[in-house]
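Reading through the structure tokens given below for one structure.
The values are calculated or read from the model by the stated rules, or taken from the named source; none is laboratory data. Please read these numbers as outputs of a predicted model, since none were measured by experiment. Cβ placement follows ideal geometry from the backbone for every residue including glycine, while neighbour counts extend to all protein chains displayed.
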Amino acid sequence: MALFGKKDKEEIILPDKLPDHVGFIMDGNGRWAKKRGLPRSLGHREGAKNFRTIVRHCKDIGLKTISFYAFSTENWKRSADEVGALMELFRDYLADVRNFLSENTRMVFLGDKSAFADDIREKMEKLEADSAQYDEMTILMAVNYGGRDEITHAAKILADKAAKGEIKPEDITEQSISDNLYTAGYPDVDLLIRPSGEQRISNFLIWQCAYAEFYYTDVLWPDFTPDELDKALAEYAKRNRRFGGV
């Protein structure tokens, strides 16, 4: 399929076969606000608006699984004001999500939900349950998430099974670890996109990104448009993915 970027008016050719799973690290909200002399909370709000725009575009072009790094286990270290603003933004998102997500879109939250206030946790769990039967597109939202924490969590589950005699240590395989991650049943990341100029994955889906293609751009997340996503997908189509082979 072909689309035309509004900014440069150059033809953007999307691959016939899209990635099975595209991950997004939504970075640059604070810097976007700072550049404009605005509080960081407004940058996060603009980033949340853009999340909606990108989700709609992902569905329009036929992506099946998309993941977003929304709040990491390390983000609790930010100022109380910023964390509070993020929690209120998250509440707004959970209240509004049904208005911008059409049916057949499944929502799954990755991470430890126990750290959130009861009302937030209950809304997440209800949204997951209400959308569980949908299969047109799945959104994996990483909240209170860390890749190392996720692998540790899976290791503890397997260790507990071994201690109970349900499995033997030699029974543990890459597949059994994958089956006990938050993303169990979903494909590994094919393409990971990080706006804002940073070139690291910051503890996001580190197991699932073992063979991901990485795409970095200096564009800050609130300015990351559907055209920018199309460019990333077009670049992905040029990559030769050998998965360790020749």
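Out of segment 68-96, which residues are of a type in the set (F, W, Y), in a helix (DSSP H, G or I) and under 16 Å from the mean Cα position of the chain (by Cα)? Spell out how you get there, then give the answer.
Taking segment 68-96 first, the residues of a type in the set (F, W, Y) are 68-69, 71, 76, 90, 93.
Subsequent filtering for residues that are in a helix (DSSP H, G or I) retains 76, 90, 93.
If the condition is that a residue be of a type in the set (F, W, Y), in a helix (DSSP H, G or I) and under 16 Å from the mean Cα position of the chain (by Cα), then F90, Y93 are the ones that fit.
Quick check on segment 48-62. Is at least one of its residues of a type outside the set (G, A, S) and out of contact with any helix residue (DSSP H, G or I) (no Cβ under 9 Å at 6 or more places or on another chain)? Before you say what the answer is, go through the steps one by one.
Start the filter on segment 48-62 by keeping residues that are of a type outside the set (G, A, S), which leaves 49-61.
Imposing the further condition that a residue be out of contact with any helix residue (DSSP H, G or I) (no Cβ under 9 Å at 6 or more places or on another chain) reduces the set to 59.
Scanning segment 48-62, I find at least one residue that is of a type outside the set (G, A, S) and out of contact with any helix residue (DSSP H, G or I) (no Cβ under 9 Å at 6 or more places or on another chain), so the answer is yes.
If I go through segment 25-52 residue by residue, how many of them are of a type in the set (D, E, K, R), in a helix (DSSP H, G or I) and touching an Asp or Glu at 6+ places or on another chain (Cβ under 7 Å)?
Number satisfying all stated conditions: 1.
Quick check on my filter: what residues within segment 169-198 are modelled with pLDDT of 95 or more and among the polar types (S, T, N, Q)?
Correct list: T173, Q175, S176, S178, N180, T183.
If I ask for residues that are touching a Ser or Thr at 6+ places or on another chain (Cβ under 9 Å) and either part of a loop (DSSP other than H, G, I, E, B) or farther than 20 Å from D27 by Cβ (or both), which ones from segment 191-209 would you list?
If the condition is that a residue be touching a Ser or Thr at 6+ places or on another chain (Cβ under 9 Å) and either part of a loop (DSSP other than H, G, I, E, B) or farther than 20 Å from D27 by Cβ (or both), then P195, S196, G197, S202, N203, F204, L205, W207, Q208 are the ones that fit.
Collect the residues in segment 208-229 that are touching an Asp or Glu at 6+ places or on another chain (Cβ under 9 Å), of a type in the set (A, V, I, L, M) and surrounded by 19 or more Cβ atoms within 10 Å (Cβ to Cβ), keeping them in residue-number order.
A212, L220
For T138, work out the one condition from (1) outside any helix (DSSP H, G or I); (2) among the polar types (S, T, N, Q); (3) more than 20 Å from D20 (Cβ to Cβ) it doesn't fulfil.
Going through the list (1) outside any helix (DSSP H, G or I); (2) among the polar types (S, T, N, Q); (3) more than 20 Å from D20 (Cβ to Cβ), T138 breaks only (3).
Every residue, every condition in (1) without any contact (Cβ under 8 Å) to a residue 40 or more places away in the chain; (2) within 23 Å of D112 (Cβ to Cβ), yes or no:
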{"site": "E150", "(1), (2)": "no, yes"}
{"site": "K156", "(1), (2)": "yes, yes"}
{"site": "A159", "(1), (2)": "yes, yes"}
{"site": "S176", "(1), (2)": "yes, yes"}
{"site": "T183", "(1), (2)": "no, yes"}
{"site": "Y186", "(1), (2)": "no, yes"}
{"site": "G197", "(1), (2)": "no, no"}
{"site": "Y211", "(1), (2)": "yes, no"}
{"site": "Y215", "(1), (2)": "yes, no"}
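Considering every residue within segment 53-67, establish whether at least one is assigned to a strand (DSSP E or B), polar (S, T, N, Q) and touching a residue at least 24 places away in the same chain (Cβ under 8 Å).
The answer is yes, given that some residue of segment 53-67 is assigned to a strand (DSSP E or B), polar (S, T, N, Q) and touching a residue at least 24 places away in the same chain (Cβ under 8 Å).
Condition first: surrounded by fewer than 14 Cβ atoms within 10 Å (Cβ to Cβ) and touching a Gly at 6+ places or on another chain (Cβ under 8 Å). Now tell me which residues in segment 180-197 satisfy that.
Result: G197, single match.
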